[in-house]
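Peer 1: Just dropping this structure here.
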Amino acid sequence: MKFVDLHSHTTASDGKLTPLELLQYAKEKGLSALAITDHDTIEGAIEAAKYTKEFQLEIIIGVELNTVWNQREIHMLGYFVDPDNPRLQEQLITQREMRIARSEKILARLQELGIALTVNDVLSELNFNSARDILLPHIAELMVKKGFVSSKQEAFQRYIGKGKPAYVLPTALTPIEAIKLIQESGGVAVVAHPGIYQEEGLLPDLVEAGLDGIEVYHPDHGADEREKYAKLAKSYRLIITGGSDFHGEQEGKMFHGDLGSQAQFVAEDIIDQLRTARK
């Protein structure tokens, strides 16, 4: 049986591997297909798609849209989106512009707390070309590098995690708007790792809006959560998906999961189900 990974990240967002490096790693892992789902960008997926024949690996162009629901960050996965769709292109630009504004606010709050970091510090120290690339893990990484905290976990727990003094709720799409955008772009909308949110009222609202699937298999879901969301997916007649949420190693260990870590649960026929669900 061939296996796939439907959730991975590259350096186009907050992953540690370039698109080419990720494909090489996927080949080493024996995967037959890989969805690249960077945060609010499809640039990494488009770059990787150039190497489909070279690696004999099916590459699914995907995206992970950061959204806000009930004062909570919710991530929505889109699969098989059309990279040339003008509405999608426009919204991704908007999402990244909002990210710049959020990063500036977070860094300003950190400065008020005595942590002297600027956008230029992040760009120069982490070798980024644009502030649009900055995500919370990058700010945490630089806080560790500069000695303000001993670990990224401490950065989130003391300063930039939800409810902490430097946290800023992003201005973004709602999950319902994200579903509409993904489907209008020819894609399939799946809610990412719902067990992380533990928001019981979320799923019915998303189903009513036309949700296509649930990411049941994720490294941060235990056996009870996998069973719970699998039952919900079946009751709502949604596609059951899964993926490693691969980012690479951070502070000596894999962030979320290693590539292919959920492949035992995610057979290749799930891709056919996603294709069939395209509007």
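Peer 1: Scan (1) of a type outside the set (Gly, Ala, Ser); (2) at pLDDT 95 or above; (3) farther than 23 Å from Gln91 by Cα for the single condition Ile182 breaks and write down its number.
Peer 2: Tallying (1) of a type outside the set (Gly, Ala, Ser); (2) at pLDDT 95 or above; (3) farther than 23 Å from Gln91 by Cα, Ile182 fails exactly one: (3).
Peer 1: Same structure again: Quick one: which residue in Gly252, Gly257, Gly248 is among the small types (Gly, Ala, Ser) and at negative phi?
Peer 2: Gly257
Peer 1: Any residue at all in segment 259-270 that is within 28 Å of His138 (Cα to Cα) and touching a helix residue (DSSP H, G or I) at 6+ places or on another chain (Cβ under 7 Å)?
Peer 2: Yes, there is a match, as at least one residue in segment 259-270 is within 28 Å of His138 (Cα to Cα) and touching a helix residue (DSSP H, G or I) at 6+ places or on another chain (Cβ under 7 Å).
Peer 1: Then there is this: Looking only at segment 262-272, which residues are surrounded by 12 or more Cβ atoms within 10 Å (Cβ to Cβ) and under 20 Å from Glu227 (Cα atoms)?
Peer 2: First, the residues of segment 262-272 that are surrounded by 12 or more Cβ atoms within 10 Å (Cβ to Cβ): 262-263, 265-268, 270-271.
Hits for segment 262-272 are Gln262, Ala263, Phe265, Val266, Ala267, Ile270.
Peer 1: Additional query: Tell me which of these Ile60 doesn't satisfy, since it passes every other one: (1) of a type in the set (A, V, I, L, M, F, W, C); (2) within 19 Å of the chain's Cα centre (by Cα); (3) within 29 Å of Glu154 (Cβ to Cβ).
Peer 2: It fails just one condition, (3).
Peer 1: Now a separate question. What single numbered condition from (1) in contact with a Leu (Cβ under 6 Å, 6 or more places away or on another chain); (2) surrounded by fewer than 22 Cβ atoms within 10 Å (Cβ to Cβ) fails to hold for Thr10?
Peer 2: Checking Thr10 against (1) in contact with a Leu (Cβ under 6 Å, 6 or more places away or on another chain); (2) surrounded by fewer than 22 Cβ atoms within 10 Å (Cβ to Cβ), the one that fails is (2).
Peer 1: If I ask for residues that are surrounded by 23 or more Cβ atoms within 10 Å (Cβ to Cβ) and not in a helix (DSSP H, G or I), which ones from segment 16-37 would you list?
Peer 2: Listed by number, the residues that qualify are Leu31, Leu34, Ala35, Ile36, Thr37.
Peer 1: Another one. Would you confirm whether any residue within segment 67-87 is in contact with a helix residue (DSSP H, G or I) (Cβ under 9 Å, 6 or more places away or on another chain), among the charged types (D, E, K, R), modelled with pLDDT under 95 and in a helix (DSSP H, G or I)? Full working, then the answer.
Peer 2: Step one: of segment 67-87, the residues in contact with a helix residue (DSSP H, G or I) (Cβ under 9 Å, 6 or more places away or on another chain) are 67-70, 72-83, 85, 87.
Going one step further and asking which of them are among the charged types (D, E, K, R), we end up with 72-73, 82, 87.
Next, only the ones that are modelled with pLDDT under 95 stay: 72-73.
Filter once more, keeping what is in a helix (DSSP H, G or I): none.
No, segment 67-87 has no match at all.
Peer 1: Next question. Any residue in segment 59-67 that is surrounded by fewer than 19 Cβ atoms within 10 Å (Cβ to Cβ) and touching a residue at least 12 places away in the same chain (Cβ under 8 Å)?
Peer 2: Just the residues of segment 59-67 that are surrounded by fewer than 19 Cβ atoms within 10 Å (Cβ to Cβ), to begin with: none.
No, segment 59-67 has no match at all.
The values are calculated or read from the model by the stated rules, or taken from the named source; none is laboratory data. Here the structure is a predicted model, which means the values were calculated and not measured. Note that we place each Cβ from the backbone using ideal geometry, even for glycine, and neighbour counts take in every protein chain shown.
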